[in-house]
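The next block holds one structure in the form of structure tokens; read it before the comments.
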Amino acid sequence: MKNYKDLIVWKKAHAFVLTAYKTSKSFPKEEQYNLTSQLRRAATSIPTNLAEGCGKFTQRDFASYLQNALGSSMEVEYLTFLSFELGYLEIDNFKRMDSGINEVKAMLISLLTKVRKEDTVKKK
């Protein structure tokens, strides 16, 4: 069991959620229950899965939550692109968000690889 607040990737993901909420405030009202909600839920899912996974006792269980967080990061990447394509995000905001989510994705992949490797080593 780990403290999720000690994970740098959790801190980055949490910061991204705050950015997603702030940025999506300007989305059209008709998107409130569609794109805005979906983007916010997917973004929130990343640090939430990290927090929940840290409460598990095995590396395999933790890896499962990391995989879920990675899936949500892919969803967020697409939703920010869609928001940009629809004209809801200015280019600067899109670039900032795209860079942020890609950093989180890279960190998740790195951590997932490490956790899976540790799990494999423990089994030998």
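Figures for the structure shown
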item	result
Extended-chain gain in nm, criterion 0.36 nm per residue less alpha-carbon gap, Lys56 and Ile109	17.2 nm
Helix-only mean residue ellipticity at 222 nm for the chain, each DSSP H run of n ≥ 4 adding -39500 (n - 2.57), per residue, nearest 500	-27500 deg cm²/dmol
Estimated FRET transfer efficiency (Asp119, Asp92; beta-carbon r; R0 35 Å; 0.05)	0.30
Extension gain (nm, one decimal) between Ser99 and Lys5, 0.36 nm per residue minus Cα-Cα	31.7 nm
Entries of Lys56/Lys114; Lys29/Lys95; Lys56/Lys105; Lys12/Lys117; Lys5/Lys95 with Cα pairs more than 19 Å apart	Lys29/Lys95; Lys56/Lys105; Lys12/Lys117; Lys5/Lys95
Kirkwood estimate for the range 4-123, i.e. one over the average of 1/r between Cα atoms, Å	14.7
Kirkwood hydrodynamic radius of the range 62-124, Cα pairs, Å	12.9
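Bear in mind these aren't lab numbers, they're just calculated from the coordinates by the rules spelled out. In this text the structure is predicted, and so the values were computed from the model without any measurement. Using ideal geometry, Cβ is built from the backbone for each residue, glycine included, and neighbour counts are taken over all protein chains shown.
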